[in-house]
Amino acid sequence: MKKIEAIIKPFKLEEVKDALSELGIEGMTVTEVKGFGRQKGHTEIYRGSEYTVDFLPKIKLEVVLADSAVEGAVAAIVKTAKTGKIGDGKVFVLPVENAIRIRTDETGDKAV
Amino acid sequence: MIKKTTSVIRLLAAVASLAMLGAVTSTLHADTNAPAAAPAPAAAPTPLATPNPTNSAFASASITNQVAFLEAAHSNSDPDPSGIAYESDPGHNAWMMVASAFVLMMTLPGLALFYGGLVRSKNVLSIIAMCFGITCLVSLLWWAFGYSLVFGTSFTPSSGPSTLGYILGGSEYFFFKGVNSLPNTNYAFWVSQNVYSIFQLTFAIITPALIFGATAERMKFGAIMAFVFGWMFIVYFPLAHMVWGATGLMNGVWNAAAKIPAIDFAGGTVVHMSSGWTALILCLILGKRVGHGGKEPMMPHSLVLTFIGTALLWVGWYGFNAGSAVAADVIAANAFTTPTLAPAIGALTWPLVEWIFKGKPSVLGFCSGAVAGLVVITPACGFVNSTGAVIIGVVAGTIPYISSTIVKNIFKYDDALDTFGVHGVGGTCGALITGILVDPTVNGNLQAVATGSPANAAMSNGLITAIASHSLVVAQAKAAGITIALAVVGTVILGYLVKFTIGLRPSVEQEHQGLDIVDHGEEGYTH
């Protein structure tokens, strides 16, 4: 069982979600986040005050999958979230010890 | 906490005793049954003691005089020759009531939203509370003393002008004594004095509210209210009387004995210069916001609110400028046209300058250009023609832009919302440029009366000569100088007085937390 954490460009969310749905993935958690990597921020000017905004809005998508589904899901995310330009984001894959579905008490792969 | 409660109770007691004093004076006045002290022209018919829907003098007058009376209302002139007593005219009154409501709308909610959007979200309520608090406090002061000190005349002895009378009006209208629905013919032949006094109140409200854009996000609510209390007496009431009072020092249009025959149609000196220069000095006394100068981002939290505020200010400005004709007449029509053109051109110019020098035309640029255009046209709106208004728009889109971007960054003062940059500098430009672009053909009060008629004020005090010889700008510069001096000196005195008594600023920790929670115990937004 693994957790995929993908930081992507906000406008790519719909495409990524559709691609994951096509693979039969039935749930995910999405958060609006801010951050920066190699992509530079931008400048905002309010009359005489100029501010450099380093933290750019991104989407963090989290999904926990059985080991067998991880490779396909990562490939789908990378394929659909790619624009080829700097700032496309990153995908992290982390091991997960266990998962419990609260409603049924199911655990492990059955719970995700 | 107990100490705080006691001081609030004391404040309430003071308000209550003021109200009681007002009640007593009004009763005394009713006993004597004297008509409104009218230092009007000596030959004027006696005003009706009480507002009377049926003017009995009208019914018994000849048809010729009845027509003359109605024609005087039609053309906003003196009905005196008809021999029929003064009364208010529904048309002029209707416009002035609407205009008054418009100017109040400039503060609540116009300025509150304009400034409120420009601060960080943790301070948005502090701006709203400031605007609301000032509206209510100034209303009380205006009823008790302000209207009389500005528009009364009793401090000028019958023997002739006096120094005191040049600077302050009189005591005859304290607690609105005698301020009823009949006109005060010193200021309008056809508008009820109670309507006129409320119209002028709305100016007295927005002027101090403008100041606290410069001090935004770091001045305690109590300190703001204490400062405003003193500022109205030391700066606003004297200045408004000098410029607009019948016996005022610098009232070139209406005071035949004016020492400085300057002109200010709707408040370039009284409203914008006074608040703008006060703002500069007060923000210097106060010091910068914690984290100012690039250490902390201080971006406007909602330019949408700022846009709505700007639009409300612009619409309200029609009452502010066209209403300053104190009639629905030909001069009002001109003062309605010019504050359309100037802000439109200002809001075209400011973002254009940004586009050229900074790469993008911003919405804040549109808002700033529109407000600057309105500020600069204010003293000129009833005195310049449409070409003058367009020129003023261009000036408004450039000079306040330079002052609130380049100059501010050179001297590094924290005029948070650019009150000085836009109102101080814009108001000063307006006062001076009015002296250059003045066009007497748009305003009959700037023209000599026909040969044989008694001279009007503008002839007696040298205003008409100054316009003819293109030297009016000298009088305008003197008026601007007096305004700056009064605002600076008054603010230094009051600023340090408040600083060393109740204190001006919250603690650094409180400032970080935001004034909404610290001063008002609530939040503008719960997420």
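The values are calculated or read from the model by the stated rules, or taken from the named source; none is laboratory data. Small disclaimer: the values here were computed from a predicted structure and weren't measured. Cβ coordinates were reconstructed from backbone atoms using ideal geometry, including for glycine residues, and neighbour counts include every protein chain displayed. SASA here: full protein model, heavy atoms, side chains in, ligands and nucleic acids out. Shrake-Rupley method; radii C 1.70, N 1.55, O 1.52, S 1.80 Å.
Which numbered condition in (1) open to solvent by less than 50 Å² (accessible area, probe 1.4 Å); (2) at pLDDT 95 or above; (3) of a type in the set (A, V, I, L, M) is the only one that residue B:98 fails?
(1)
Does at least one position in the stretch B:153-167 carry a residue that is under 25 Å from residue B:180 (Cβ atoms) and touching a helix residue (DSSP H, G or I) at 6+ places or on another chain (Cβ under 6 Å)? Please lay out each step first, then the result.
Of the residues in the stretch B:153-167, the ones under 25 Å from residue B:180 (Cβ atoms) are B:153-156, B:158, B:165.
Still in the list and also touching a helix residue (DSSP H, G or I) at 6+ places or on another chain (Cβ under 6 Å): B:155-156.
Among the residues of the stretch B:153-167, at least one is under 25 Å from residue B:180 (Cβ atoms) and touching a helix residue (DSSP H, G or I) at 6+ places or on another chain (Cβ under 6 Å), which makes the answer yes.
Given (1) within 12 Å of another protein chain (Cβ to nearest Cβ); (2) open to solvent by less than 20 Å² (accessible area, probe 1.4 Å), where does residue B:431 come up short, assuming only one miss?
(1)
Filter the stretch B:420-452 for residues that are at negative phi and assigned to a loop (DSSP other than H, G, I, E, B) and give the result.
Residues of the stretch B:420-452 that are at negative phi, as a first pass: B:420-451.
Listed by number, the residues that qualify are B:438, B:439, B:443, B:447, B:448, B:449, B:450, B:451.
For every residue, the table says whether it meets (1) under 18 Å from residue B:291 (Cβ atoms); (2) open to solvent by less than 90 Å² (accessible area, probe 1.4 Å).
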| site | (1), (2) |
| --- | --- |
| B:489 | no, yes |
| B:492 | no, yes |
| B:497 | no, no |
| B:508 | yes, yes |
| B:511 | yes, yes |
| B:518 | yes, yes |
| B:523 | no, no |
| B:526 | no, no |
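What pairs come out if I take residues in the stretch B:118-135 that are at pLDDT below 95 and pair them with residues that are crowded, with 24+ Cβ neighbours inside 10 Å whose C-beta lies under 6 Å away, six or more apart or interchain?
Short answer, once both residue conditions are applied: none.
When you look at residue A:33, is it under 12 Å from the mean Cα position of the chain (by Cα) and either of a type outside the set (Val, Ile, Thr) or surrounded by 12 or more Cβ atoms within 10 Å (Cβ to Cβ) (or both), yes or no?
Values: under 12 Å from the mean Cα position of the chain (by Cα): yes; either of a type outside the set (Val, Ile, Thr) or surrounded by 12 or more Cβ atoms within 10 Å (Cβ to Cβ) (or both): yes.
Judged against the criteria, residue A:33 is a match.
Suppose we filter B:474, B:394, B:425 for residues that are among the β-branched types (Val, Ile, Thr), surrounded by fewer than 24 Cβ atoms within 10 Å (Cβ to Cβ), touching a helix residue (DSSP H, G or I) at 6+ places or on another chain (Cβ under 7 Å) and away from chain A (no Cβ under 12 Å); which single one remains?
On the way: B:474 fails: touching a helix residue (DSSP H, G or I) at 6+ places or on another chain (Cβ under 7 Å); B:425 fails: surrounded by fewer than 24 Cβ atoms within 10 Å (Cβ to Cβ).
Among B:474, B:394, B:425, only B:394 is among the β-branched types (Val, Ile, Thr), surrounded by fewer than 24 Cβ atoms within 10 Å (Cβ to Cβ), touching a helix residue (DSSP H, G or I) at 6+ places or on another chain (Cβ under 7 Å) and away from chain A (no Cβ under 12 Å).
Count, please, the residues in the stretch B:266-276 that happen to be more than 18 Å from residue B:313 (Cα to Cα) and touching a Phe, Trp or Tyr at 6+ places or on another chain (Cβ under 7 Å). Full working, then the answer.
First, pick out the residues of the stretch B:266-276 that are more than 18 Å from residue B:313 (Cα to Cα): B:269, B:274.
Add one more test, that the residue is touching a Phe, Trp or Tyr at 6+ places or on another chain (Cβ under 7 Å), and what stays is B:274.
Total meeting the criteria: 1.
Out of (1) within 30 Å of residue B:366 (Cβ to Cβ); (2) in a helix (DSSP H, G or I), the odd one out for residue A:57 is which?
Here residue A:57 clears every test but (2).
Taking residue B:462, is it closer than 18 Å to residue B:253 by Cβ and in contact with a helix residue (DSSP H, G or I) (Cβ under 7 Å, 6 or more places away or on another chain)? Steps first, answer last, please.
Numbers: closer than 18 Å to residue B:253 by Cβ: yes; in contact with a helix residue (DSSP H, G or I) (Cβ under 7 Å, 6 or more places away or on another chain): no.
No: the conditions fail for residue B:462.
Which one is most open to solvent (accessible area, probe 1.4 Å) among residues in the stretch A:60-112 that are touching a residue at least 40 places away in the same chain (Cβ under 8 Å), in a loop (DSSP other than H, G, I, E, B) and over 11 Å from residue A:1 (Cβ atoms)?
Going through the qualifying residues, I end up with A:86.
If I filter the stretch B:347-388 down to residues being over 19 Å from residue A:46 (Cβ atoms) and over 20 Å from the mean Cα position of the chain (by Cα), which single residue comes out as nearest to the other protein chains (Cβ to nearest Cβ)?
The selected residue is B:348.
For the stretch B:58-110, name all the residues that are among the β-branched types (Val, Ile, Thr) and either within 17 Å of residue B:184 (Cα to Cα) or touching a Ser or Thr at 6+ places or on another chain (Cβ under 8 Å) (or both).
B:84, B:103, B:107 - these are the residues of the stretch B:58-110 that are among the β-branched types (Val, Ile, Thr) and either within 17 Å of residue B:184 (Cα to Cα) or touching a Ser or Thr at 6+ places or on another chain (Cβ under 8 Å) (or both).
Determine which single condition residue B:290 fails, assuming it passes every other condition in (1) away from chain A (no Cβ under 14 Å); (2) assigned to a helix (DSSP H, G or I).
Going through the list (1) away from chain A (no Cβ under 14 Å); (2) assigned to a helix (DSSP H, G or I), residue B:290 breaks only (2).
When both residues are 6+ apart or on different chains and their Cβ atoms are under 9 Å apart, which pairs have a first residue that lies in the stretch A:33-48 and is touching a residue at least 40 places away in the same chain (Cβ under 8 Å), and a second that is surrounded by 13 or more Cβ atoms within 10 Å (Cβ to Cβ) and assigned to a loop (DSSP other than H, G, I, E, B)?
A:37/A:87; A:38/A:87; A:39/A:87; A:39/A:88
Residues that are open to solvent by less than 20 Å² (accessible area, probe 1.4 Å), part of a loop (DSSP other than H, G, I, E, B), at pLDDT 95 or above and over 23 Å from residue B:228 (Cβ atoms): does the stretch B:328-335 have at least one?
no
The conditions are (1) more than 14 Å from chain B (Cβ to nearest Cβ); (2) surrounded by 13 or more Cβ atoms within 10 Å (Cβ to Cβ), and residue A:45 fails exactly one of them. Which is it?
All conditions are met except number (1).
Being farther than 14 Å from residue B:346 by Cα, at pLDDT 95 or above and under 19 Å from the mean Cα position of the chain (by Cα) is the requirement here; does residue B:428 meet it? I'd like the intermediate steps shown before the answer.
Values: farther than 14 Å from residue B:346 by Cα: yes; at pLDDT 95 or above: yes; under 19 Å from the mean Cα position of the chain (by Cα): yes.
In short, yes.
Is it fair to say residue B:305 is more than 29 Å from residue B:76 (Cβ to Cβ), touching a helix residue (DSSP H, G or I) at 6+ places or on another chain (Cβ under 9 Å) and open to solvent by 50 Å² or more (accessible area, probe 1.4 Å)?
Details: more than 29 Å from residue B:76 (Cβ to Cβ): yes; touching a helix residue (DSSP H, G or I) at 6+ places or on another chain (Cβ under 9 Å): yes; open to solvent by 50 Å² or more (accessible area, probe 1.4 Å): no.
For residue B:305, the condition - more than 29 Å from residue B:76 (Cβ to Cβ), touching a helix residue (DSSP H, G or I) at 6+ places or on another chain (Cβ under 9 Å) and open to solvent by 50 Å² or more (accessible area, probe 1.4 Å) - is not met.
Can you find a residue that is open to solvent by 10 Å² or more (accessible area, probe 1.4 Å), within 11 Å of chain A (Cβ to nearest Cβ) and not in a helix (DSSP H, G or I) anywhere in the stretch B:397-412?
yes
Determine whether residue B:419 is among the β-branched types (Val, Ile, Thr), in contact (Cβ under 8 Å) with a residue 60 or more places away in the chain, more than 14 Å from chain A (Cβ to nearest Cβ) and under 26 Å from residue B:111 (Cβ atoms). Outline the logic, then answer.
On the way: among the β-branched types (Val, Ile, Thr): yes; in contact (Cβ under 8 Å) with a residue 60 or more places away in the chain: yes; more than 14 Å from chain A (Cβ to nearest Cβ): no; under 26 Å from residue B:111 (Cβ atoms): yes.
Judged against the criteria, residue B:419 is not a match.
Is the stretch B:368-383 home to any residue that is of a type in the set (Ser, Thr, Tyr), at negative phi, in a helix (DSSP H, G or I) and open to solvent by 10 Å² or more (accessible area, probe 1.4 Å)? Show your work before the answer.
Step one: filter the stretch B:368-383 for residues of a type in the set (Ser, Thr, Tyr), giving B:368, B:378.
Filter again for at negative phi, leaving B:368, B:378.
Then drop every residue that is not in a helix (DSSP H, G or I), which leaves B:368.
After this cut, where a residue has to be open to solvent by 10 Å² or more (accessible area, probe 1.4 Å) as well, the list is none.
Within the stretch B:368-383, not a single residue is of a type in the set (Ser, Thr, Tyr), at negative phi, in a helix (DSSP H, G or I) and open to solvent by 10 Å² or more (accessible area, probe 1.4 Å).
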